[in-house]
Amino acid sequence: MVDITHKITTLRIATAKAIVKVGSPETIQAVLDKKVPKGDVLEVARTAGLFAVKNTASVIPDCHPMPIEYTGIHFKCLKNEIQIEVTVKTIYKTGVEVEAMHGASIVALTMYDMLKPIDKNVEISTVKLVNKKGGKSDFGAKENYNLTVAVIVCSDSVSAGTKEDASGKVITEKLEKLGLVVSQYDIIPDDKKEIQTSILKLCNQKTDLVILTGGTGLSHKDVTPEAVIPMLDRRIPGIEEAIRSYGQERTPYAMLSRSVVGFKGDILIMALPGSVGGASESIDAVFPSVLHLFKLLNGLDHGK
């Protein structure tokens with residue numbers, strides 16, 4: 001199965017449609033009058049669809065088991081066809097498109113099975129996804145923000161050349177996959193003065209986003225938060241909380257990190273953990289949705 005452990009949990013909604021065509025209007029009337037020998041076609045098909053949605057992972061190999069938190073099945077009976085619409089909702093790490101389509105398919109097949117004794121011209125003509133919502137595709141993954149980005153590695157050992165940087169590189173790789181260009185990549189000691197000097201330099205260059213990695217732990221050498229916090233005009237606790245919450249679901253040590261996020265003027269500064277896992281997970285936790293901040297800075301009328 002595809003690894004989805006890095007994904008964020010969001011509200012996911014999908015609607016699928018299927019069409020069952022019949023040979024005559026009399027078949028539709030029999031459905032409406034509940035005179036089909038096998039029973040109430042709409043209610044039996046609806047029940048089958050509910051079971052299908054919840055059991056999609058049991059019959060389609062790469063679908064993940066997930067909590068299905070809503071399924072709505074609706075019908076429109078026309079002259080020579082029945083239109084089926086299935087809407088599925090969940091709050092999870094992956095979408096419910098296949099669940100909705102599987103539900104619509106089974107509803108249609110159930111109708112076919114119940115109607116074939118009275119109508120030899122029944123056919124399933126359409127099964128398709130109508131729309132879907134949720135996940136990173138709805139939260140800025142495809143936006144072109146045209147931002148200048150800098151990554152600063154705060155590490156005594158890396159700056160001394162006794163250790164190779166991995167965290168800064170993984171951050172850079174993940175940002176580039178989102179379409180961002182890292183124009184500056186620096187390695188400095190985990191020293192308060194050095195960190196503040198580097199940030200001021202980048203602010204003077206009108207850098208939009210500054211990401212620091214390293215020095216956010218609780219050892220006596222970890223001073224990145226002490227360097228960054230006095231420089232911030234506005235901290236953003238929600239982003240800091242999201243990073244730690246995401247990490248805590250993956251390791252109990254995430255609560256020991258002191259990640260810091262905030263604005264200096266209009267420049268977003270993020271101080272993230274120095275471990276490869278911590279740095280990588282921090283980016284997964286809040287990107288690309290965190291980039292919505294730059295829309296707000298540019299005058300987006302939020303919510304309208």
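The table below gives the values:
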item: Partner aspartates and glutamates for K192 [C-alpha distance under 15 Å; skip if fewer than 8 residues away on the same chain]; result: D156, D222, E226
item: In segment 145-219, the GluC sites (Glu not before Pro) that fall in loop regions by DSSP, at most 10 other Cβ within 10 Å; result: E164
item: Cα-Cα over 28 Å, subset of K21/K132; K17/K295; K163/K221; result: K17/K295
item: Length-normalised contact order for segment 72-127 - Cα pairs under 8 Å, 6+ apart - percent; result: 23 percent
item: Among G72, G262, G134: highest mean-square fluctuation, GNM of the chain, C-alpha pairs under 10 Å; result: G72
item: Accessible area of segment 225-304 belonging to carbon and sulfur atoms, whole % at 1.4 Å probe; result: 56 percent
item: Fraction in percent of alpha-carbon pairs per bin - 10 Å, the chain; result: 6, 23, 23, 15, 12, 11, 7, 3, 0
item: Computed [θ] at 222 nm, deg cm²/dmol, the chain (DSSP H ≥ 4; -39,500 (n - 2.57); rounded to nearest 500); result: -10000 deg cm²/dmol
item: Proximal aspartates and glutamates relative to K79, as straight alpha-carbon distance under 12 Å, when same-chain residues fewer than 8 apart are discounted; result: E26
item: Accessible area of segment 10-71 divided out per residue, in Å², using a probe of 1.4 angstrom; result: 52 Å²
item: Set of aspartates and glutamates near K93 by C-alpha distance (under 17 Å), chain-local residues within fewer than 8 positions excluded; result: D3, D62, E69, D138, E249, E281, D284
item: Histogram of C-alpha separations across segment 173-264, 10 Å bin width, %; result: 14, 44, 37, 5
item: Beta bridges by DSSP in segment 164-304, antiparallel share as percent, to the nearest 5; result: 60 percent
item: Cα-based shape type of segment 214-280, given that a ≥ b ≥ c are square roots of the gyration tensor eigenvalues and the cut on a/c is 1.5; result: oblate
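The values are calculated or read from the model by the stated rules, or taken from the named source; none is laboratory data. The model shown is predicted, which means the values in this text are computed figures rather than measured ones. As a convention, Cβ positions derive from the backbone with ideal geometry for all residues, glycine included, and neighbour counts pool all protein chains shown. Ligands, DNA and RNA are stripped out before the accessible areas are found, and what is left, the full protein with its side chains, is counted by its heavy atoms. Shrake-Rupley method; radii C 1.70, N 1.55, O 1.52, S 1.80 Å.
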